[in-house]
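Quick notes on the structure that follows.
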């Protein structure tokens, strides 16, 4: 059984027991999260979502955070002695895929708490924000 999930603006083909690196998610190591944007689900037959498969989820456990390879950003303008060299390392969250749940199955209960994988971070503040809360500029 495999599924195609979307998180962090990218799509990943996942199977149970697989480890993947996704864009940084605000969650503690050892915490379980649900990825509910399942675009395709395949066990005996293939189910394609329009745009997502109704009720399907992928349950994953956060293993930790990792950093990718260093990328060199070199800016150059000819004839004016303008050169800038910068480096960048992207932070990723490593997930262990535990379970793929179709719309008619139940999630196997665990004693750890669940966190949704599609929560947004307020820019510049670093706190999780749901859609109906407002953060004042001095509340950080």
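In terms of other Cβ atoms within 10 Å, 33, 52, 71 run from fewest to most in the order 71, 52, 33. For the pair residue 52 and residue 13, how long in nm is the line joining their label points, each one 7 Å along Cα→Cβ? Taking the simple label geometry, residue 52 and residue 13 are separated by 2.2 nm.
Across the range 6-52, the volume of the C-alpha convex hull divided among the residues equals 92 Å³ per residue. What is the fewest-to-most order of 43, 36 by other Cβ atoms lying within 10 Å of their Cβ? Ordered from fewest to most neighbouring Cβ atoms within 10 Å, 43, 36 come out as 43, 36. Label-to-label distance for residue 72 and residue 2 is 3.6 nm, based on points extended 7 Å past Cα in the beta-carbon direction. Put in order of Cβ neighbour count within 10 Å, fewest first, the listed residues 45, 24, 57, 77 become 45, 77, 24, 57.
Note on the range 60-90 and the range 7-43: Cα centroid distance 25 Å, given to the nearest whole angstrom.
Values of log10 I(q)/I(0) for the range 2-117 across q = 0.15, 0.23 Å⁻¹ run -0.68, -1.28, by the Debye formula with one identical scatterer at each alpha carbon and no solvent. Fully extended, how many nm does the chain gain between residue 44 and residue 89 (0.36 nm per residue separation, minus their Cα-Cα distance)? Using 0.36 nm per residue and subtracting the Cα-Cα distance, I get 12.2 nm.
Since every read-out is calculated from the coordinates, none of them should be taken as a lab result. Worth saying up front: this structure is predicted, and the values here are computed from it rather than measured. All Cβ positions, even for glycine, are placed from backbone atoms using ideal geometry, and neighbour counts span all protein chains on display.
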